[in-house]
1. If residue 69 satisfies every condition in (1) farther than 21 Å from residue 26 by Cα; (2) at pLDDT 95 or above but one, which is the exception?
2. Give just the number: which of (1) at pLDDT below 95; (2) in contact with a Leu (Cβ under 7 Å, 6 or more places away or on another chain) does residue 39 not satisfy?
3. Would you mind telling me which numbered condition in (1) part of a loop (DSSP other than H, G, I, E, B); (2) modelled with pLDDT of 95 or more; (3) over 21 Å from residue 68 (Cβ atoms) residue 132 fails?
4. Say whether the condition of being more than 25 Å from residue 163 (Cβ to Cβ) and modelled with pLDDT under 95 is met by at least one residue in segment 46-54.
5. Mind listing whichever residues of segment 90-120 are on the phi > 0 side of the Ramachandran plot and either over 15 Å from the mean Cα position of the chain (by Cα) or of a type in the set (Lys, Arg) (or both)?
6. Across segment 111-129, which residue is surrounded by the most Cβ atoms within 10 Å (Cβ to Cβ) among those that are modelled with pLDDT of 95 or more and more than 17 Å from residue 38 (Cβ to Cβ)?
7. Residues of segment 84-134 being basic (Lys, Arg) and out of contact with any Lys or Arg (no Cβ under 9 Å at 6 or more places or on another chain), which ones?
Amino acid sequence: MPPPSSDEAQAVAFVAWLSTFTLSRPVSSISDLNDGYALYDVLETVDPEYFKKTSSSASPALQVADNWPLRFTSLKRLFRLITQYFIEVLRHPASNVSALEVPDLQKVAREGDMKETLALCRLCIAIAVMSGSNQQVISGIQGLEESHQQRLMEAIASVMSKLEHSPAENDADTTQMT
């Protein structure tokens, strides 16, 4: 049996990480995230005021299970809250936040696309470890297998490196090359 791909290994690590939270329903594979509800649960744990569920985001899973447009709407709201959180709460400049990987939410909702779902997971875990209540999150990560910890740390680092990279800094460097 060949070793899992990098995406598959990261997906397994995210599922393990999600199991450290009390979720409204269990997550046994990355495809269980195609409606965003489990990620809402995690972010609500991280910052209950900012990520409080509305009646539409708390609607029963059965209602959206076969309705990809409803899943897409839920994911769009989640992504909007995530990007706003980076700017409003974590105080990252909008120019840096715009450099973050933007997952194709339609692919997530329609197909449960692993690559795109992982992009959304990376944003969520970055918020979780950067938030004020990160101790619980970090403890949960430390309780996982070492291989899962490594994959999750790589995911966090990939988001943080984009947040720390300012497009304006690069522009300044190239204009001073005379």
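1. (2)
2. So residue 39 meets the others, but not (1).
3. (2) is the only condition that residue 132 fails.
4. Looking for residues that are more than 25 Å from residue 163 (Cβ to Cβ) and modelled with pLDDT under 95, one finds at least one in segment 46-54, hence yes.
5. From segment 90-120, those on the phi > 0 side of the Ramachandran plot are 91, 112; that's our starting set.
The answer is 91, and nothing else.
6. 129
7. 91, 122, listed by residue number.
The values are calculated or read from the model by the stated rules, or taken from the named source; none is laboratory data. Predicted model, so just to flag it, every value in this text is computed and none were measured. In this analysis, Cβ positions are derived from the backbone assuming ideal geometry, glycine residues included, and neighbour counts consider all displayed protein chains.
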